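Working notes, structure below.
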Amino acid sequence: MSPDTGRTAFVRELRNAHAMERQSLELMKWQAVRLDDYPEIERRIRTHMTETEEQLRRLEQCLDSLGERPSILKDTALSLLGNLTATSNAMGEDEILKNMFSNYAFEHYEVAIYKSLTKMAEELDLEEAKALLSASRAEEQRMAAWIDRRIEHVTAAYLERIGQLKHVATALG
């Protein structure tokens, strides 16, 4: 592979990752305001939003070091997709479960992307980019592990909550 081909692929994937993080941020913004019944999750989502903003800065730093910029078109398209996804999840009474499942999958997707980008940076001898991307990968791994440790607890809390709501509805009806 020629250095130009590798560089082109790396820039394309950095732009894709930037758009992906924009999508992630939009999803989390929607979720965070709808988590009153799950304050621990709300706090962690808000913390991860801050991490995601830093990941965006790291990606921009990688692009800038190559004389490149994020793709406005990709960023806009995936931000819209994030809003649509959040809206569709909000329509069901099982919103918290759908969000936990999709967040778990999305975090693993992000880990895979950062793993690939880190390898590209290594192959291109871009040590600073490698370090920046490795830091983002570690944050995504921590978030995925955090979600994994809570899926069963959130499922039990959800079942308890809908059981209480049905009990109240029966008592009123």
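What the table shows:
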quantity: Qualifying residue in segment 1-23 (condition: at negative phi and in contact with a Phe, Trp or Tyr (Cβ under 7 Å, 6 or more places away or on another chain)); calculated: no
quantity: Qualifying residue in segment 61-68 (condition: at pLDDT below 95 and within 12 Å of the chain's Cα centre (by Cα)); calculated: no
quantity: Segment 31-55 - residue that is among the basic types (Lys, Arg) and modelled with pLDDT of 95 or more and, of those, surrounded by the fewest Cβ atoms within 10 Å (Cβ to Cβ); calculated: 43
quantity: Residue list for segment 28-65, filter: among the small types (Gly, Ala, Ser) and within 28 Å of residue 164 (Cβ to Cβ); calculated: 32
quantity: Counted residues, segment 23-55 - those being outside any helix (DSSP H, G or I) and either hydrophobic (A, V, I, L, M, F, W, C) or touching a Pro at 6+ places or on another chain (Cβ under 8 Å) (or both); calculated: 2
quantity: Selected residue (criterion: nearest to residue 98 (Cα to Cα)) from residues of segment 1-43 that are out of contact with any helix residue (DSSP H, G or I) (no Cβ under 8 Å at 6 or more places or on another chain) and among the polar types (S, T, N, Q); calculated: 8
quantity: Conditions (1) modelled with pLDDT of 95 or more; (2) in contact with a helix residue (DSSP H, G or I) (Cβ under 8 Å, 6 or more places away or on another chain): number failed by residue 112; calculated: (2)
quantity: Candidate set from segment 136-153 (those that are basic (Lys, Arg) and touching a residue at least 24 places away in the same chain (Cβ under 8 Å)); member that is surrounded by the most Cβ atoms within 10 Å (Cβ to Cβ); calculated: 137
quantity: Long-range neighbours under 6 Å by Cβ, at least six apart or interchain, first residue of a type in the set (Val, Ile, Thr) within segment 117-135, second in a helix (DSSP H, G or I); calculated: 118/130; 118/133; 118/134
quantity: Residues located in segment 12-64, provided they are of a type in the set (A, V, I, L, M) and within 18 Å of residue 130 (Cα to Cα); calculated: 14, 17, 56, 59, 63
quantity: Flag for residue 58 being part of a helix (DSSP H, G or I), over 12 Å from the mean Cα position of the chain (by Cα) and either polar (S, T, N, Q) or modelled with pLDDT of 95 or more (or both); calculated: yes
quantity: Test set (1) in a helix (DSSP H, G or I); (2) at pLDDT below 90; (3) of a type in the set (A, V, I, L, M) - residue 20 fails condition number; calculated: (2)
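The values are calculated or read from the model by the stated rules, or taken from the named source; none is laboratory data. In this text, all values refer to a predicted model and were calculated from it rather than measured experimentally. Neighbour counts are summed over all protein chains in view; Cβ atoms, including those assigned to glycine, are modelled from backbone coordinates with ideal geometry.
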